[in-house]
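K.L.:
Quick one: the structure is below, and I'll ask about it shortly.
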Amino acid sequence: TAAVEADLIASLPANFRWGVATSAYQIEGAVDEDGRTPSIWDTYCRVPGMVHNGENGDIACDHYHRMPEDVALIKELGVDTYRFSVAWPRVQPRGTGPVNEAGLAFYDRLVDELLAKGIDPWVTLYHWDLPQELEDAGGWPVRDTAYRFADYAMMVFDKLSDRVKIWTTLNEPWCTAMLGYYEGRQAPGRRNFGDAIAAVHHLLLGHGLATQRMREAARTPVELGITLNMGSSYPATDSAADREAARRADGLGARIYLDPLRYGRYPKDVVADLLQRGVEIPIKDGDLETISAPIDVLGVNYYSSHRYSGVDEDGNSRDADGVPVTRAVLAGLPVTDMGWEIVPAGFTDLLVRLGREYPGLPMVITENGSAFADEADADDYVQDDDRVAYFQSHIGAVAAARQAGADVRGYFAWSLMDNFEWSYGYAKRFGIVRVDYETQQRVPKASALWYRDTINAARSARGSAPL
Ligand code: GBH
């Protein structure tokens, strides 16, 4: 209940990190300015049928031109940290060659603006906007992309690390690899399982290379990490087939990233599953050592959890290609506007489990939030009680996980404002601030006011357990 959740939230420590998050392509617009070149998303948006209504990020929230105003908005929300991403094709057009100072200057100004307002900047180096030219050269399935990423990361790090102390290499490599190269539901829209698995490895390698180089170059202490999207994977029934399906979903959804990052090895069962599908991970000598370079924080993005069945609707345990069926089945719970089930208990389970299986690694919730079909009044105000309830139950779930031993140190609401929701275009709204795409007017929703008040209450409640 809301009262229980409020008590849980009040138990969070006074120095818990509170923030809001965005990503470059989803908010910036200004895709042709100051030397930026196209990313795979500029291209993908122009492929007919790929994005709702044929929409794209050409203008988005026009944040590139409204940055100071948006930082003032963040300040009003009372958060202490802002997580944003840097657009690779602004900093290093075409993904190769020298730094583009004009593009990098935008982030330099953003960081200064945040610091002037007492807000900590948290940089994500890659949130899906690969320079198109690197995709033309093979993209993430190609090993060279990992080295290109590390070079680019150092361009940003060299410029900003005197002021930015927290760095995330990649946002959700699962989405890049599986949605981008296997399911084709995100840029670049390719559909090849072997390519997707090669992409997994090269994303991890790029993360490791960048992490090693940033660590070595750091002149003052920095916190380095990666962000993974995960949920709890439950078997739909107690049958052996369903338990196997849940294991496979967790293997490709979580452990194929976590185990090499943390323990320098790919999970044996996943490797065996892959071999059965004729796919080998393209590992070279030393890669796993690079990938397991120590990190300081694991970013966790949570939206939903799933139950898995090992059989399809007709009772078959293999698909037409002979691949074992791993099918997500709905539990009949309420859903958000994305159709994603609302499962706060799955959030607690996930965090407690991560704390047990990967001990010694502090976690921060780098994204959590929900899309709902907002209805704005004449003043563009949205009384989004559904979103407030989602936040309340999920922040409560984080606090419950802490009480059960999970080392979670912060929480970021996704998202600061309504923005370009990838293949869903502007139809889905995740913001705690309403954006009117005609006027670019921003109006905080009820959830933004609730979040501000909750943060203030949590800060003054001074939870029992210190960080
Ligand atoms: C994040 O990805 C992104 O980082 C962010 O840019 C994006 O705007 C935000 O979430 C909202 O989408 O279809 O029921 O199986 C989210 C990753 C991966 C979460 C797939 C939901 C599938 C749910 N998503 N997952 S379901």
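The values are calculated or read from the model by the stated rules, or taken from the named source; none is laboratory data. What you are looking at is a predicted structure, and each value in this text was computed from that prediction instead of being measured. Glycine also receives a Cβ, built like all others from the backbone with ideal geometry; neighbour counts cover every protein chain displayed. Remember, those area values only see protein heavy atoms, side chains included, never the ligands or the DNA or RNA. Shrake-Rupley method; radii C 1.70, N 1.55, O 1.52, S 1.80 Å.
K.L.:
Taking R0 as 51 Å, what FRET efficiency do you get between N15 and E183 from their Cβ-Cβ distance, rounded to the nearest 0.05?
P.N.:
About 0.80, to the nearest 0.05.
K.L.:
Among DSSP beta bridges lying fully in the range 1-156, give the percent that are antiparallel, nearest 5. Walk me through the numbers before you get to the answer.
P.N.:
On the way: 1 of 9 bridges.
Close to 10 percent.
K.L.:
Which value, in debye to the nearest 20, describes the size of the charge dipole of the chain about its Cα centre when Lys and Arg Cβ atoms bear +1, Asp and Glu Cβ atoms bear -1, and nothing else is charged?
P.N.:
Working: 46 positive and 68 negative charges, 295 e Å.
Here the size comes out at about 1420 debye.
K.L.:
Further, regarding this structure: Accessible area per residue for the range 95-182 in Å², computed with a 1.4 Å probe and the full protein assembly in place, what is it?
P.N.:
On a per-residue basis, 30 Å².
K.L.:
Measuring from the lowest to the highest alpha carbon on each principal axis, how far does the range 130-201 reach, largest first, in angstroms?
P.N.:
Principal-axis extents of the Cα atoms in the range 130-201, largest first: 41, 21, 19 Å.
K.L.:
Given the convex hull of the Cα atoms of the chain, what is a quarter of its surface area in nm²?
P.N.:
21.2
K.L.:
Which ³J(HN,Hα) values in Hz, rounded to whole numbers, follow from the phi angles of the range 108-121 under the Karplus curve 6.51 cos²θ - 1.76 cosθ + 1.60, where θ = phi - 60° and Gly and Pro get x?
P.N.:
In residue order, the calculated couplings are 4, 5, 4, 4, 4, 4, 5, 4, 4, 9, x, 10, 6, x Hz.
K.L.:
Quick one: if you stick a label point 7 Å off each Cα along the C-beta vector at R409 and D34, how many nm between them?
P.N.:
In this crude spin-label approximation the distance works out to 3.0 nm.
K.L.:
Then there is this: Could you derive backbone 3J(HN,Hα) for the range 168-178 from the dihedral phi with the Karplus parameters 6.51, -1.76 and 1.60 (θ = phi - 60°), listing whole Hz in sequence and x where the residue is Gly or Pro?
P.N.:
3J(HN,Hα) across the range 168-178, in whole Hz: 10, 5, 10, 9, 6, x, 4, 5, 4, 6, 7.
K.L.:
Still on this model: Could you give me the radius of gyration and the Dmax of the range 256-301, taking only the C-alpha atoms into account and expressing both in angstrom?
P.N.:
11.9, 35
K.L.:
Ranking request for peptides 180-187, 286-293, 255-262: highest mean number of other beta-carbon atoms within 10 Å first, then the rest in descending order.
P.N.:
Peptide ranking by packing, descending: 255-262, 180-187, 286-293.
K.L.:
Just to verify a number: FRET efficiency for S239 and A102, C-beta to C-beta distance, R0 = 56 Å, to 0.05? It would help to have the intermediate numbers written out before the result.
P.N.:
Numbers: r = 59 Å, r/R0 = 1.05.
My answer for the efficiency is 0.45.
K.L.:
Now, a different point. Using mean Cβ contacts within 10 Å as the protection proxy, how do 314-325, 93-104, 383-394 order, highest first?
P.N.:
Result, highest mean first: 383-394, 93-104, 314-325.
K.L.:
In whole Å, what three semi-axes, largest first, describe the equivalent ellipsoid of the range 402-467 built from its Cα gyration tensor (square root of 5 times each eigenvalue)? Intermediate results must be reported in sequence, preceding the final value.
P.N.:
Details: eigenvalues 193, 49, 9 Å².
Equivalent ellipsoid of the range 402-467: 31, 16, 7 Å, largest first.
K.L.:
Which one, A254, I197, P141, projects farthest toward the positive side of the charge dipole computed for the range 138-254 from Cβ point charges (K/R +1, D/E -1)?
P.N.:
Highest projection toward the positive end goes to P141.
K.L.:
Taking N as the number of residues in the range 161-219, what is its alpha-carbon radius of gyration divided by 2.2 N^0.38 Å?
P.N.:
Rg over 2.2 N^0.38 Å, computed on Cα atoms: 1.37.
K.L.:
If one computes the Cα centroid of the range 90-123 and of the range 433-460, what distance in Å separates the two points?
P.N.:
The distance from the Cα centre of the range 90-123 to that of the range 433-460 comes to 25 Å.
K.L.:
What share of Cα pairs, in percent, lie more than 14 angstrom apart in the range 209-270? Before the final figure, lay out each step's value.
P.N.:
On the way: 1253 of 1891 pairs.
Percentage above 14 Å: 66.
K.L.:
For Q440 and D321, what is the calculated FRET efficiency with R₀ set at 56 Å and r taken between the beta-carbons, to the nearest 0.05?
P.N.:
Working from the Cβ atoms, E equals 0.75.
K.L.:
Rank-order 346-356, 63-73 by packing density, defined as the average count of other C-beta atoms within 10 Å over each peptide's residues, highest first.
P.N.:
Listed from highest to lowest mean packing, they are 346-356, 63-73.
K.L.:
So what's the range 193-303 giving for Cα Rg divided by 2.2 N^0.38 Å, two decimals?
P.N.:
1.18
K.L.:
For the range 1-52, what value does the Rg/Rh ratio take when both radii are computed over Cα atoms and Rh is the Kirkwood radius, given to two decimals? List each step's numbers first, then the result.
P.N.:
Numbers: Rg = 20.1 Å, Rh = 15.4 Å.
Looking at the range 1-52, the ratio lands at 1.31.
K.L.:
If you don't mind, there's one more thing I want to ask. Give me the distance in nm between label points sitting 7 Å out from Cα along the Cα-to-Cβ direction at E375 and R163, one decimal.
P.N.:
For E375 paired with R163, the spin-label model returns 4.4 nm.
K.L.:
Between E357 and K268, what length comes free when the chain is fully extended (0.36 nm per residue of separation minus the Cα-Cα distance, one decimal in nm)?
P.N.:
30.5 nm is the gain from fully extending E357 to K268.
K.L.:
Give me the Kirkwood hydrodynamic radius of the range 10-161, using the inverse of the mean 1/r over all pairs of distinct Cα atoms, in Å to one decimal.
P.N.:
For the range 10-161, the Kirkwood estimate is 16.4 Å.
K.L.:
Taking the Cα-to-Cβ direction at N53 and at D7 and moving 7 Å from each Cα, how far apart do the two end points lie in nm?
P.N.:
About 4.5 nm separates the two model spin labels.
K.L.:
So between R191 and D80, what do we pick up on full extension, going 0.36 nm a residue minus the alpha carbon distance?
P.N.:
Working: separation 111, 0.36 × 111 = 39.96 nm, distance 4.05 nm.
Net length gain for the segment: 35.9 nm.
K.L.:
Can you grab the distance from the C-alpha centre of the range 398-432 to the C-alpha centre of the range 344-381, Å, no decimals?
P.N.:
The two parts, judged by their Cα centres, are 5 Å apart.
K.L.:
Over the Cα atoms of the range 73-183, each weighted equally, I'd like the Debye log10 I(q)/I(0) at q = 0.13 Å⁻¹, rounded to two decimals.
P.N.:
Once normalised to I(0) and log-transformed, intensities are -0.52.
K.L.:
Still on this structure, I have one more. Calculate how large, on average over all directions, the projected area of the Cα convex hull of the range 360-460 is; give the answer in nm² to one decimal. Please list the in-between numbers first.
P.N.:
On the way: hull surface 30.2 nm².
Projected area, direction-averaged: 7.5 nm².
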